[in-house]
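The block underneath contains the structure these notes are about, expressed in structure tokens.
The values are calculated or read from the model by the stated rules, or taken from the named source; none is laboratory data. Quantities reported herein were computed from a predicted structural model and do not represent experimental measurements. A quick note on method: Cβ atoms are made from the backbone with ideal geometry, for glycine too, and the neighbour counts reach across all protein chains shown. Ligands, DNA and RNA are excluded from the accessible area calculation, which covers all protein heavy atoms including side chains. Shrake-Rupley method; radii C 1.70, N 1.55, O 1.52, S 1.80 Å.
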Amino acid sequence: MNKTSVRVIALVGTLIVGAPTMVAPVRAQSGPRTIRGTVTDGHAFALPGAHVTVPRLDRGSIANGNGRYVLDRLPSDTMTVLVSFVGHESVSRVVDLRQGDAVEDFVLFEVVEILNEVTVEDDAAEAALTVSPQSVSRLEAADLAVVRGQTLGQTLDRLPGVTTLSTGPSIQKPVIRGLHSDRVIVVNDGIQQEGQQWGAEHAPEIDPFAPARIEVVKGAAGVEYGAGAIGGVVRIEDDALPEEPGVGGRAMLNAFSNSQQGAGSLEVEGGSRMIRGLGARVQVSARRAGSAQTPNYVLGNTAFFERAAEIALGYTRGQLELEGHVSRFATDIGIYRGSHFNTFAGLDTVLALGRPPVDYEFSYEIGAPKQDIVHDLGVVRARYDLGDGARAEVQYGFQHNRRKEYDADRVGGRDPLERAAFDLTLSTHSAEAKLQTAARPVLGGNAFAHVGLSGMNQGNSSDIGYLIPNFRAYTGGAFARTNWFNGPLTLDAGARLDVRQLRAYPREDGGTGDFERVSRRWWGVSGAVGGILRFAETRSVAVNLSAAWRPPSVNELYSYGVHHGTAQFELGNAGMDAERSVGVDLTIRQQSERLQLDGSVYVNRIGDYIYLVPTGEAVVTVRGVFPEFQYDQTDAVLAGFDGFANVQLVDHLGVELVASVVRGTDTSPSSGSSEPLLQMPADRLGISLSYTIPTAGVFHDTEFDAGVRLVRRQDRYPTRANEEGASVPLDYVAPPDGYALFRVGVHGELDVGSQTIQYGLAVENLLNTEYRDYLSRYRYFAHDPGRNVVLRIQVPFGTRKVEH
């Protein structure tokens, strides 16, 4: 065993059982330290309720009624302290505790927005430099207020490295660095979302009005989240439940001109006067839209009707926190009628035209083909503060997802809406236990660790139709992760073991024979090693090495049939094995008064990469004629760059640049040397200007913004030889042309008497440009939607504050 191995084992052992003197010499006078002080505003008034945190230790305190706070039992080291309060600028400061305790008073000034920035990492510049070895983008409440009411994919697609896979106007799912669906984990309220996410047109069942914050981790994150997190993680967080007595809430209303959509949500929350520490929240939301419209025609049968409700209850007493949440998300979605055909001639005609051969009329009616989805979620969790920053957490979650898809035409003389073509019910039970240790002096610095266990029991059943088989899957995992820091250097390392057992009942003979029982088992190890070096006051560099894996999903193994949402006939491949990836990414950050910068380069090598390949054939079924696709595996490399820069040009005027470039390459011997991968996002660049207007009468925090998104034509795509021997796209049609989409908008606050109203008015696709996005599943048949005027209004009431 070499010296490096001995040192690593010593570090892990120290975190779990303590620090022997012979392994981890402790500096003199390195006992627990305390930071105390006050938090006031610019007029020297106390700010009770201000949050004072040490991000590196994931610890914090809340200022009392006199604005005083105490952070005790801290390690003897230098660390960044972050202070925040609603409606005020966050402040961060580096505090040196190596010589003893410290007294730090903070003054927070009322916020004056200068840039409409998409916040990357953390709100505070200091904390942003050292938040994670991986590239992380974060949308806070103020960022979400500007885009709230859209799908999750639409909310995220302005972030660097994030694009959208769309199936019509109401179904968008996030694509992170070229990867999506089962390779991107969506964590909703602490629970991994499980809702038939394997489908390209199966968007996450998330109420778009509910999130308080959204965080996107780019790159493999298998240590904490397990098998599947090869592409990244989307973490959706709720606000903490109120503990103080009082009732508040907010009403949110949206209107969209394209599709004539109306949307709204009402949230009410409060703390109990009779039982201190008891808080609750209730939220109901709805969205209803008619047919979407391109610049020149209507997309027939693309209306949708969405409903959502959530009830949350929490109780805090001393060191114990208890929470329970239940929610339901239901939606009826029309599937574009022009994507389904009865004959080969009809399919060929539309592929050649690139638009519907008939004119549809606008309607709110949802006809066949369509999807009906209901997703129920329940979670209970308990946290216990063990002191010194250590805490334990356990949680249990249950999810029930029911998906029905309906044919476009009559089958056997029956009306297509009388009975679903297939009906899938997915039930998931999950449990998790985690422990975070206190920070300890280790190897000249300080360190803490996370350890955890998780398990999942999942089953899918269907009594109608056949696209994927019934199955039962069991997953178990265990992980350990440690974080060590000393001055400007932070190191992070972890490993995880997962095992998955699958029992499925597919049909024999490629989906046409009798049912058979098949059992499969996979196991794999995920790992990560990363570090951050703050090499200047406003700059840092981070590097992260990761390994992750993902077993093939049931649809990839055993699909056989028409997938109505994507209008294609899908064939599984039962011989496939697990994907395994090894990746590295390097991130440079700068956070200064005039410039905020975050840029990453990355390489992700995936062995046995699973993808859906067009065969070039069409399949005739009793439901119509559909292009045929089959799952296959290859070796692949995904490499690229993504990043953003916010520059304050002069007072009140700023510019933002967001860029994303990804190159996917098939590296298997059968591909020759470097054939491009199918369905990789096209290069894109976003440019926006923002101008903030000082307070003028009843209007304040007013900001105008204008921008353009430039998307390059995807010229890297695989080809095949046709019957004449000529090279043609492997896909059914060549990638569409590039495009430029302009937008303008204004948002701010308006005082009406004593009530503050937040408002926003934006025009998307200002020039009503006709375009197709390469990652649109309907690009074979139609253009994307045209101009859209969006109005947003948010009215807080009671104890609820305006989101800044």
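With axes computed from alpha carbons, what is the tilt in degrees of helix 3-17 against the longest principal axis of the chain, rounded to the nearest 10 within 0 to 90?
The angle comes out near 70 degrees.
Charges at C-beta only: +1 for Lys and Arg, -1 for Asp and Glu. How large is the resulting dipole of the chain about its Cα centre, in Debye rounded to 20?
With only Lys, Arg, Asp and Glu charged at Cβ, the dipole is about 1680 debye.
In nm, what is the difference between 0.36 nm times the number of residues separating H400 and Q630 and their Cα-Cα distance?
80.0 nm
Mean residue ellipticity at 222 nm from the helices of the chain, using -39,500 (n - 2.57) per DSSP H segment of n ≥ 4 over the full residue count, to the nearest 500 deg cm²/dmol?
-1500 deg cm²/dmol
Could you give the accessible area per residue of region 495-635, probe 1.4 Å, as a whole number in Å²?
Per-residue value: 41 Å².
Compute the acute angle (0 to 90°) between the alpha-carbon long axis of helix 344-353 and the principal axis of greatest extent of the alpha-carbon atoms of the chain; round to the nearest 10°.
Its long axis makes an angle of about 50 degrees.
In terms of modelled amide H atoms, which long-range or inter-chain residues lie less than 5 Å from the amide H of S668?
Distant-sequence amide H within range of S668: D635.
Tally the DSSP beta bridges in the chain and give the antiparallel ones as a percent, rounded to 5.
Of all bridge pairs located within the chain, approximately 95 percent are antiparallel.
For region 745-791, what is the accessible area per residue in Å², given a 1.4 Å probe and the full set of protein chains?
38 Å²
Per residue, how much accessible surface does region 645-742 expose to a 1.4 Å probe? Answer in Å², no decimals.
Solvent-accessible surface per residue comes out at 48 Å².
Which listed residue (H375, T167, F422) has the Cα farthest towards the positive end of the charge dipole for the chain, taking +1 on Lys and Arg C-beta and -1 on Asp and Glu C-beta about the Cα centre?
The Cα lying farthest towards the positive end belongs to H375.
State whether region 520-581 is rounded, prolate or oblate according to the following rule on the C-alpha gyration tensor (a ≥ b ≥ c being the square roots of its eigenvalues): a/c under 1.5 gives rounded; otherwise a/b larger than b/c gives prolate, and the remaining case gives oblate.
Oblate, since a/c reaches 1.5 and b/c is not below a/b.
Under the rule a/c < 1.5 gives rounded, and otherwise a/b versus b/c splits prolate from oblate, where does region 218-328 land using the Cα gyration tensor?
Oblate shape, in that a/c is at least 1.5 and b/c is the bigger or equal ratio.
Which ³J(HN,Hα) values, rounded to whole Hz and listed in residue order, are derived for region 155-160 from phi using the Karplus coefficients 6.51, -1.76 and 1.60 in 6.51 cos²θ - 1.76 cosθ + 1.60 with θ = phi - 60°, glycine and proline given as x?
Here the 3J(HN,Hα) series is 5, 9, 6, 8, 6, x Hz.
Once the dipole of the chain is set up with Lys and Arg at +1 and Asp and Glu at -1 on Cβ about the Cα centre, which of G270, I191, T331 lies farthest towards its positive end?
I191
When Lys and Arg each count +1 and Asp and Glu each count -1, what net charge do the other residues less than 12 Å away from E628, Cβ to Cβ, add up to?
-2
Based on the alpha-carbon gyration tensor of region 232-286 and its eigenvalue square roots a ≥ b ≥ c, which shape applies: rounded if a/c is under 1.5, prolate if not and a/b is larger than b/c, or oblate?
oblate
What does the convex hull of the Cα atoms of region 130-214 come to per residue, in Å³, rounded to a whole number?
105 Å³
Just to confirm a number: summing +1 for Lys and Arg and -1 for Asp and Glu over residues other than R503 whose beta-carbon lies under 15 angstrom from that of R503, what do you get?
In short, +4.
If you average the sequence gap of Cα pairs under 8 Å that are 6 or more apart and divide by the length of the chain, what percent do you get for the contact order?
Rounded, it is 12 percent for the chain.
Using the Kirkwood radius over C-alpha pairs as Rh, can you work out the diffusion coefficient of the chain via Stokes-Einstein at 37 °C, viscosity 0.692 mPa s, in µm² per second?
It comes out at roughly 118 µm²/s.
Once phi is turned into θ = phi - 60°, what whole-Hz ³J(HN,Hα) does the Karplus curve with 6.51, -1.76 and 1.60 give for every residue of region 476-492, x standing for Gly and Pro?
Those phi angles translate into x, x, 9, 9, 9, 9, 10, 10, 10, 9, 7, x, x, 10, 10, 10, 9 Hz.
May I ask you to give the percent of accessible area on the chain that is carbon plus sulfur, with a probe radius of 1.4 Å?
56 percent
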